[in-house]
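Trainee: Take this structure first; my questions come after.
Since every read-out is calculated from the coordinates, none of them should be taken as a lab result. Everything numeric here is computed off the predicted structure, so don't read it as measured data. Positions of Cβ are backbone-derived with ideal geometry, glycine not excepted, and every protein chain shown enters the neighbour counts.
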Amino acid sequence: MKRLIPIALAAFSIAVCSAGPVKTDNAQKEGAKQFTVYPIGYVREVEGRTLIVVDKKYQPALLGVDKLSEIWVLWWFDRNDTPQKRSILQVHPRGNPDNPIQGVFATHSPVRPNLIAMTRCKVVSVRENAIEIESIDAFPDTPVLDIKR
């Protein structure tokens, strides 16, 4: 079963697009520490298979992943990253106006201050620098930030 769990962190920037890192002006004003995170790989779809393809320099970190049945994949909602969407702090859960408004930290909303998401994925196989998984909530070419047991 796949589950999407967005996570929010304060004062975070990410360098995954050609436009450069996303800065959090409010965090800078408050003197918060800034972070830069680089993707370790990307979600890919090849011949109907879903893969997490990590950069070759991280291939040694995959040792033992082939023995796991599931992994957590942390990824970036890159197609959702705009200053306007990052400023949305309250939503109707599931986009349904009949649901009472809630803060994004109490929901699975893809709009949030920092667009980190997490999906539990079943491991099918590991070959070189690619992990074949059953499925993921992310689109192809989505940046992958980390993989955890």
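Trainee: Under 17 Å from a point placed 7 Å out from the Cα of residue 57 along the Cα-to-Cβ direction: which residues of region 107-149 have their backbone N that close?
Mentor: Output list for this probe position: 129, 144-147.
Trainee: Here's another thing I want to ask about it. Taking 8 Å as the Cα distance limit and 6 or more residues as the minimum spacing, I'd like the relative contact order of region 39-148 as a percentage.
Mentor: Values: 212 pairs, mean separation 47.4, N = 110.
Normalised by residue count, the contact order of region 39-148 is 43 percent.
Trainee: With only alpha-carbon pairs counted, each pair once and no self-pairs, how large is the Kirkwood hydrodynamic radius of region 39-148 in angstroms?
Mentor: Values: mean 1/r = 0.0663 Å⁻¹.
It is 15.1 Å.
Trainee: So, one more: Express in whole angstrom the spacing between the alpha-carbon centres of region 90-149 and region 50-79.
Mentor: One Cα centre to the other: 14 Å.
Trainee: Then there's this: According to a simple spin-label model (label point 7 Å from Cα along Cα-to-Cβ), what is the distance in nm between residue 45 and residue 66?
Mentor: Each label point is offset 7 Å from its Cα along the Cβ direction, giving 2.7 nm.
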